[in-house]
Amino acid sequence: MLKAIEVKPDVYWVGGVDWNERSFHGYTTERGSTYNAYLIMDEKIALVDTCKAAFADDLLARVADVVDPARIDYIVSNHGEPDHSGALPKVAAAAPNAKVVTGDPKGAAILRAYYGDGLDLLPVKTGDGLELGCRTLSFVQTPMVHWPDNMVAYDAYDRILFSNDAFGQHLATSKRFDDEVGLPEVLLQARKYYANIVMPYGRQVRKALDALRGLDLDLIAPSHGVIWRSHIADALAAYDRWSADAPEDQAVVAYDSMWHTTEAMAQAIAEGFVESGVPVRLCDLKCNHISDIMADVLEAKYLAVGSPTLNSGMMPTVAQFLCYLKGLAPRNRVGIAFGSYGWAPAGPNEVQAALEAAKLELPLEPLTRQWADDEEALQAVRDAVIDLVEDQGDVREVA
Ligand code: FEO
């Protein structure tokens with residue numbers, strides 16, 4: 001029988017563990033995910049969030065380990081995306097007296113759009129409280145972190161922030177707390193999560209952080225991954241850093257190549273960064289997933305993207321990456337387009353245009369090479385990168 005896990009006296013994790021999830025709308029989730037829900041047993045009984053529809057029975061079984069689901073008074077829906085609300089119709093049917101607490105007006109509108117008018121909705125705004133007994137849940141709307149309806153709930157009695165997607169990680173585990181998994185792994189997954197889901201909304205994240213600053217926190221309980229308990233300061237510092245859009249002096253070189261000429265240029269660009277003291281990651285798009293590359297782009301100031309000309313344009317692998325990059329909208333990055341060609345530099349020119357459309361700063365014209373490279377040409381590429389880094393004021397002593 002599935003068990004509830006007590007995370008504070010009378011507060012239980014009752015979510016689902018999705019061990020085999022490997023693609024979250026295109027983001028590779030190599031460690032699976034969890035859909036966390038929390039049961040609060042007070043004079044009134046509240047369930048904070050539900051889960052994906054496929055995990056509704058797991059959730060109800062874990063609730064039943066503590067209490068008859070029919071006794072639930074409130075179901076808090078912090079966010080209507082189906083990974084947190086898909087189970088709502090089934091859970092609401094099992095808890096027929098429960099009101100569904102949701103953001104006013106966007107949360108209510110999304111739940112009605114997905115599930116019709118059958119739910120007994122209780123819309124709330126920032127500053128509203130829901131009295132449960134000893135506890136009062138206080139709501140803060142955090143729009144566009146990362147949908148218009150997002151909100152978080154704070155329980156001052158237990159000092160728990162139910163943060164929904166914020167501070168989440170796609171990480172399936174039988175452990176429930178950060179210190180049981182280890183900070184490096186949790187931060188790695190939180191970084192990939194932020195880069196691929198939250199990055200376009202850095203300004204909104206900063207507003208949300210401002211609204212949450214000063215809260216006493218024993219736990220940050222997100223809707224994915226493990227609960228932050230021992231490393232709350234690390235989680236807050238990471239979100240502060242990532243949302244500042246002030247990337248470190250690191251570089252990512254992403255490319256595809258047909259006959260290794262663009263690849264040789266990529267390596268020369270990487271060497272230029274290394275010679276300038278800028279840490280670099282080289283990513284062949286044939287064997288690196290775009291969602292993994294974005295985790296590095298999150299912390300990199302420089303992004304060089306290369307494609308040869310194929311069929312009068314850039315290679316599809318490169319186009320896919322650039323389309324994804326534009327959507328995630330990293331700010332304050334310096335771009336370099338490069339690539340080889342036979343009779344027309346259409347590939348690297350398309351890369352340049354796509355980087356411009358993604359609003360990267362582009363101090364250089366595309367670095368191109370016709371047919372094959374020789375050492376002189378590759379040295380010119382290295383020198384162009386070294387000069388660029390010097391112009392940006394980022395040259396460091398190489399140890
Ligand atoms: Fe985890 Fe935006 O849903």
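Please pull out the direction-averaged projected area of region 251-390, using the convex hull of its alpha-carbon atoms, in nm² to one decimal place.
Details: hull surface 28.6 nm².
The Cα convex hull of region 251-390, projected and averaged over all directions, gives 7.1 nm².
So, by mean Cβ neighbours within 10 angstrom, what's the order for 13-24, 277-288 with the highest one leading? Write down the numbers at each step before the final one.
On the way: 13-24: 18.5, 277-288: 16.8.
Listed from highest to lowest mean packing, they are 13-24, 277-288.
Quick one: accessible area per residue over region 1-140, 1.4 Å probe, rounded to a whole number of Å²? Present the calculation step by step, with values, prior to reporting the outcome.
Values: 5720 Å² over 140 residues.
That works out to 41 Å² for each residue.
Regarding the chain, what is the average projected area of its C-alpha convex hull, in nm²? Could you put the intermediate results ahead of the total?
Details: hull surface 82.6 nm².
That works out to 20.7 nm².
Can you work out the FRET efficiency for the pair R206 and D68, with r the C-beta to C-beta distance and R0 = 41 Å, to the nearest 0.05?
Working: r = 43 Å, r/R0 = 1.04.
That pair, R206 with D68, gives E of 0.45.
If you line up the long axis of helix 106-115 against the longest principal axis of the chain, both from Cα atoms, how many degrees apart are they, to the nearest 10?
Once rounded, one gets 80 degrees.
Sort the following peptides by mean Cβ neighbour count (other Cβ atoms within 10 Å, averaged over residues), highest first: 254-261, 166-173. Provide the component values of the computation, followed by the final result.
Values: 254-261: 21.0, 166-173: 24.1.
Order by mean packing, descending: 166-173, 254-261.
Sort 67-75, 369-377, 157-165 by packing, meaning the average of other beta carbons within 10 Å per residue, with the highest value first.
Numbers: 67-75: 18.1, 369-377: 13.3, 157-165: 23.0.
Per-residue Cβ counts within 10 Å, averaged per peptide and sorted highest first, yield 157-165, 67-75, 369-377.
Ignoring any ligand, DNA or RNA, what whole percent of the accessible area of region 5-243 comes from carbon and sulfur when the probe is 1.4 angstrom? Walk me through the intermediate numbers first.
On the way: 4470 of 8860 Å².
Carbon with sulfur: 50 percent of the solvent-accessible area.
Where the accessible area of region 251-390 is counted over protein heavy atoms with a 1.4 Å probe, how much of it, in %, is carbon and sulfur? Present the calculation step by step, with values, prior to reporting the outcome.
Working: 3090 of 5740 Å².
C and S atoms contribute 54 percent here.
Enumerate the amide H contacts of A304 below 5 Å, restricted to partners 5 or more residues apart or on another chain; note that Pro and chain-start residues carry no placed amide H.
Result for A304 returns V252, V253, A254, I336.
Treating the angle as unsigned and between 0 and 90°, give the value, to the nearest 10°, between the Cα long axis of helix 346-357 and the longest Cα principal axis of the chain.
40 degrees
Amide H to amide H, which residues 5 or more places from A4 or on other chains are under 5 Å from it, using H placed in the peptide plane?
For A4, the qualifying residues are D65.
For E131 and W259 in the same chain, what is the full-extension length gain: residue separation times 0.36 nm, less their Cα-Cα distance, in nm? Provide the component values of the computation, followed by the final result.
Details: separation 128, 0.36 × 128 = 46.08 nm, distance 6.64 nm.
That pair, E131 and W259, stretches by 39.4 nm at full extension.
Mind checking the angle between helix 183-193 and the chain's longest principal axis? C-alpha axes, 0 to 90 degrees, to the nearest 10.
80 degrees
Could you please state, rounded to a whole Å, how far the C-alpha centre of region 365-399 is from the C-alpha centre of region 81-139?
The distance from the Cα centre of region 365-399 to that of region 81-139 comes to 55 Å.
With labels modelled as points extended 7 Å from the Cα through the Cβ direction, what inter-label distance (nm, one decimal) is found for D245 paired with Q320?
2.9 nm
Expressed as a whole number of Å, what is the distance separating the alpha-carbon centroids of region 326-342 and region 166-231?
Cα centroid of region 166-231 versus Cα centroid of region 326-342: 29 Å apart.
Let me test this: with uniform point scatterers at the alpha carbons of region 5-243, what is the Debye-based log₁₀ I(q)/I(0) at q = 0.07, 0.13, 0.15 1/Å?
Log10 I(q)/I(0), no solvent term: -0.19, -0.70, -0.97.
As an exercise, use a Förster radius of 22 Å and the Cβ-Cβ distance of Q392 and A372 to find the FRET efficiency, rounded to the nearest 0.05.
On the way: r = 30 Å, r/R0 = 1.37.
E(calc), rounded to 0.05, equals 0.15.
Just list whichever of K3/K175; K192/K326; K301/K326; K52/K90; K207/K359; K44/K99 have alpha carbons separated by over 19 Å in the model shown.
Values: K3/K175 13 Å; K192/K326 17 Å; K301/K326 15 Å; K52/K90 11 Å; K207/K359 23 Å; K44/K99 12 Å.
Flagged as over cut-off: K207/K359.
If the elastic network links every pair of Cα atoms under 10 Å, which of A344, A92, A208 fluctuates the most in the Gaussian network model of the chain?
Of A344, A92, A208, the most mobile in the Gaussian network model is A344.
Work out the FRET efficiency for K286 and E361 from their Cβ-Cβ distance, taking R0 = 30 Å, and round it to the nearest 0.05. All intermediate terms of the calculation are to be shown ahead of the outcome.
Working: r = 28 Å, r/R0 = 0.92.
The pair K286/E361 has a calculated efficiency of 0.65.
Using 0.36 nm per residue of separation minus the Cα-Cα distance, give me the extension gain between R112 and T28 in nm, one decimal. Walk me through the numbers on the way to the answer.
On the way: separation 84, 0.36 × 84 = 30.24 nm, distance 3.01 nm.
That pair, R112 and T28, stretches by 27.2 nm at full extension.
The values are calculated or read from the model by the stated rules, or taken from the named source; none is laboratory data. What you see is a predicted model, and the numbers here were worked out from it, not measured in a lab. All Cβ positions, glycine included, derive from the backbone under ideal geometry; neighbour counts span all protein chains shown. The protein model used for the area step is the full one, side chains on, heavy atoms only, and it has no ligands, DNA or RNA in it. Shrake-Rupley method; radii C 1.70, N 1.55, O 1.52, S 1.80 Å.
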